[in-house]
1. Excluding MET1 itself, what net charge comes from residues whose Cβ is under 13 Å from its Cβ, given Lys and Arg +1 and Asp and Glu -1?
2. Out of ALA28, ALA82, ALA60, any idea which swings most in a Gaussian network model of the chain, alpha carbons joined below 10 Å?
3. Please determine, in degrees from 0 to 90 and to the nearest 10, the orientation of helix 56-76 with respect to the longest principal axis defined by the Cα atoms of the chain, where the helix direction is its Cα long axis.
4. With springs connecting C-alpha atoms under 10 Å apart, model the chain as a Gaussian network and identify which of GLY35, GLY46, GLY130 has the largest mean-square fluctuation.
5. Taking 0.36 nm per intervening residue step and subtracting the Cα-Cα distance, what contour gain separates ASN23 from ILE71 on full extension?
6. Taking the Cα centre of the chain as origin, work out the dipole magnitude from +1 charges on Lys and Arg Cβ and -1 charges on Asp and Glu Cβ, in debye rounded to 20.
7. What does the C-alpha gyration tensor say about the overall shape of the range 76-143? Classify as rounded when a/c is under 1.5, otherwise prolate if a/b is larger than b/c, or oblate.
8. Give, in nm to one decimal, the length gained when the segment between TRP116 and VAL32 is fully stretched (0.36 nm per residue of separation minus the Cα-Cα distance).
Amino acid sequence: MYEILILILIFVDQSSKFYITHNFSLGASEPVIDGFFNLTRVHNYGAAFGLFQGRQYIFAVIAFVTVVIGIIYIHRVRSKVAKIAVSLLVSGAIGNLVDRIRLGFVVDFLDFHGIWKYIFNLADVFVVVGAILLCIYVAVDEKRKG
């Protein structure tokens, strides 16, 4: 079941990037909510939110390891929250890994220019939300055990 969630999230991520690459030229920006949120096409040669530019091979290896460990973890843990969190992490890692392998960079386009200086994509959102959810799960689980 969680593998299906992962596939759906990868499809959503890749579909959004397909739309952007076929409807926006590099650097083009279109306001969605004027003064707050734009769709802006950029190519990210770094990690999430444009950090650590130019180290594609390192990120590809990290993503691959994340996927393998994540899939194993999903099959071993009982908590649905943990499974969803790891599914988000894995789908985000695969979504950006597909871009790195296919394009040599990651397509970013979510631009909240009023509050955030980084442009990112749905896979980045999946990774961040998954990581936060997993941290909450671990903290609550530790508190229950303690």
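Bear in mind that the values in this text are calculations on the coordinates, not laboratory data. The structure displayed is predicted, hence computed values, not measured ones. Positions of Cβ are backbone-derived with ideal geometry, glycine not excepted, and every protein chain shown enters the neighbour counts.
1. Working: positive: LYS80, LYS83; negative: GLU3.
For residues surrounding MET1, the net value is +1.
2. Result for the chain, Cα springs under 10 Å: ALA28 fluctuates most.
3. The helix 56-76 is inclined about 30 degrees to the chain.
4. Its mean-square fluctuation being the largest, the pick is GLY35.
5. On the way: separation 48, 0.36 × 48 = 17.28 nm, distance 3.40 nm.
Gain in length upon complete extension: 13.9 nm.
6. Numbers: 13 positive and 10 negative charges, 128 e Å.
The calculated dipole for the chain is roughly 620 debye.
7. Working: a/c = 3.98, a/b = 1.59, b/c = 2.50.
Oblate is the answer for the range 76-143, as a/c is 1.5 or above yet b/c matches or exceeds a/b.
8. Working it through step by step, the gained length comes to 28.7 nm.
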